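Data block below; observations after.
The values are calculated or read from the model by the stated rules, or taken from the named source; none is laboratory data. What you see is a predicted model, and the numbers here were worked out from it, not measured in a lab. We place every Cβ from the backbone using ideal geometry, glycine too, and count neighbours over all the protein chains shown.
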Amino acid sequence: MSLISRLSARLQNHPKRVIFPEGADPRVIQAARQFATKMLGVPVLLGDRQRIKLNAARLNIRLDDIRILEPERSDELKSFAEKLEAIRKYGDTNLKGDPRELALNPSYFACLMVATGAADALISGATTHAASGLRAVLQTMPRQTGVDTVSSMQILESEEGRFGHEGVLFLADCGVIPEPTATQLADIAVTTAGLAGHLTNSHPKVALLAFTTHASNPRLESVKRVQAATELARRKARELSIACDIDGELQADAAINPFAAQSKEVQGAVAGRASVLVFPDLNSGNIASKLAQHIADLPAYGQILTGLERPAAEISRGASAHDIFGTAVIVAAQAVDKAYLYPTATGPGKA
């Protein structure tokens with residue numbers, strides 16, 4: 001059973017509200033219909049009601065159990081404008097512009113819905129540049145405790161289970177930070193591991209990647225940075241009580257291929273069995289994830305934003321309805337407390 005199928009089955013007991021700022025996009029409408037039909041929660045589509053209804057009719061899609069919300073007609077508009085005014089005055093952001101006009105912007109409105117608990121998770125990016133959606137997220141949504149870095153991860157899955165945890169591999173950062181520092185790489189490693197463990201109920205094995213493996217005397221600063229990040233990540237994982245194994249620096253083959261790890265005499269819990277891959281920079285992460293999707297034809301979901309208190313995703317403008325639905329399942333599952341998502345014999349949520 002795929003990760004999306006497993007999470008969907010659990011979400012039926014803990015349905016969530018997922019908000020889409022680009023609610024009139026046909027792919028979003030299709031994904032919302034599937035989310036509602038499978039009884040995973042309530043999709044919330046932002047946008048012009050008549051346009052959404054027209055696009056749904058063209059696709060012969062029912063809109064029952066799907067909420068449509070027009071920001072300019074919403075009861076929350078006034079309070080959201082006031083919240084943006086407070087952020088502009090007292091927040092640690094460079095928020096500019098008229099608060100009411102910003103509140104009318106679907107990206108900001110959706111972020112505030114999630115930040116205030118009026119929705120459980122957010123998916124944006126279907127029709128907008130990533131920078132626009134990320135700007136709203138970074139300016140309005142609170143950070144995860146103990147973490148300063150907001151980054152992103154892509155989830156790849158192989159039906160054959162050839163790599164990662166039961167075929168699921170988490171790649172980070174593939175969409176946010178161009179040249180992360182050692183501290184940022186450590187944050188990326190730890191927040192991705194935390195979410196990987198939440199979604200799979202596994203003990204994540206995290207590999208910080210480079211073009212060398214355990215170099216004893218590295219000359220390049222890029223390799224030294226990964227080595228420093230590995231130690232920082234181990235320390236931060238202990239501080240935040242995130243259970244995982246972390247190793248670095250490792251070459252990609254030594255991280256995911258047991259034979260390659262053995263041939264290169266790499267030992268430890270991560271060697272050849274990594275489920276989380278942390279790339280040294282955005283170039284390598286983004287290129288690797290897109291090659292895997294388009295050459296290996298692997299299902300991919302995300303980008304899932306990490307380092308935030310609330311679940312959010314910034315998808316690609318090239319995402320399909322299937323991709324959007326899968327991402328919706330992931331962020332919805334992220335909003336469920338792990339004790340309820342994976343109840344134990346004595347834990348919460350056990351019927």
| said: Out of the residues in the stretch 87-125 meeting the condition of being assigned to a helix (DSSP H, G or I) and β-branched (Val, Ile, Thr), tell me which one is modelled with the highest pLDDT. | reply: Val114
| Any residue at all in the stretch 233-242 that is closer than 17 Å to Val168 by Cβ and in contact with a strand residue (DSSP E or B) (Cβ under 8 Å, 6 or more places away or on another chain)? | no
| note | The residue that is farthest from Pro311 (Cα to Cα), considering only those in the stretch 185-204 that are of a type in the set (S, T, N, Q) and touching a helix residue (DSSP H, G or I) at 6+ places or on another chain (Cβ under 8 Å), is Ser202
| message | For the structure I just gave you, tell me whether His214 is over 12 Å from Ser275 (Cβ atoms), in contact with a Lys or Arg (Cβ under 6 Å, 6 or more places away or on another chain) and assigned by TED's automatic domain parsing to the domain that holds Asp297. | response | no
| said: Which count do you get for residues in the stretch 70-120 that are at positive phi and under 23 Å from the mean Cα position of the chain (by Cα)? | reply: 1
| task | Can you confirm whether the stretch 135-149 contains a residue that is under 26 Å from Phe80 (Cβ atoms) and either assigned to a strand (DSSP E or B) or at pLDDT 95 or above (or both)? | result | yes
| field | Ser284 vs. criteria surrounded by fewer than 24 Cβ atoms within 10 Å (Cβ to Cβ) and assigned by TED's automatic domain parsing to the domain that holds Leu199 | value | yes
| remark: Filtering the stretch 5-37 down to residues that are under 23 Å from Ala339 (Cβ atoms) and surrounded by 15 or more Cβ atoms within 10 Å (Cβ to Cβ) yields Arg6, Leu7, Ser8, Arg10, Leu11, His14, Pro15, Lys16, Arg17, Val18
| Yes/no for Ser5 being closer than 20 Å to Ser107 by Cα, among the polar types (S, T, N, Q) and in a helix (DSSP H, G or I) | no
| query | Of the residues that make up the stretch 215-224, is at least one within 13 Å of the chain's Cα centre (by Cα), outside any loop (DSSP other than H, G, I, E, B) and not small (Gly, Ala, Ser)? | reply | no
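Would you confirm, using the coordinates I've provided, whether Val44 is closer than 21 Å to Tyr340 by Cβ, of a type in the set (Val, Ile, Thr), in contact with a strand residue (DSSP E or B) (Cβ under 9 Å, 6 or more places away or on another chain) and buried (at least 19 other Cβ atoms within 10 Å of the Cβ)?
It is false that Val44 is closer than 21 Å to Tyr340 by Cβ, of a type in the set (Val, Ile, Thr), in contact with a strand residue (DSSP E or B) (Cβ under 9 Å, 6 or more places away or on another chain) and buried (at least 19 other Cβ atoms within 10 Å of the Cβ).
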| field | Residue list for the stretch 311-351, filter: modelled with pLDDT of 95 or more, closer than 17 Å to Cys111 by Cα and part of a loop (DSSP other than H, G, I, E, B) | value | Pro311, Ala335
| note | Scanning the stretch 193-232 for residues that are touching a strand residue (DSSP E or B) at 6+ places or on another chain (Cβ under 8 Å) and among the polar types (S, T, N, Q), the one surrounded by the most Cβ atoms within 10 Å (Cβ to Cβ) turns out to be Thr230
| field | Candidates Leu298, Leu291, Leu308, Leu282, filtered to the one that is modelled with pLDDT of 90 or more, among the hydrophobic types (A, V, I, L, M, F, W, C) and touching a strand residue (DSSP E or B) at 6+ places or on another chain (Cβ under 8 Å) | value | Leu308
| request: Return the residue satisfying two criteria in turn: it lies in the stretch 47-78 and is touching a residue at least 12 places away in the same chain (Cβ under 8 Å) and small (Gly, Ala, Ser), and of such residues it is surrounded by the fewest Cβ atoms within 10 Å (Cβ to Cβ). | output: Ser74
| task | Within the stretch 31-46, count every residue that is part of a helix (DSSP H, G or I) and aliphatic (A, V, I, L, M). | result | 3
| task | Could you run through the stretch 235-252 and say how many residues are assigned to a helix (DSSP H, G or I) and crowded, with 19+ Cβ neighbours inside 10 Å? | result | 2
| note | Quick count over the stretch 129-164, residues being crowded, with 17+ Cβ neighbours inside 10 Å and either of a type in the set (A, V, I, L, M, F, W, C) or in contact with an Asp or Glu (Cβ under 7 Å, 6 or more places away or on another chain) (or both), is 17
| field | Flag for Ala255 being assigned to a helix (DSSP H, G or I), under 24 Å from His203 (Cα atoms) and of a type outside the set (Ser, Thr, Tyr) | value | yes
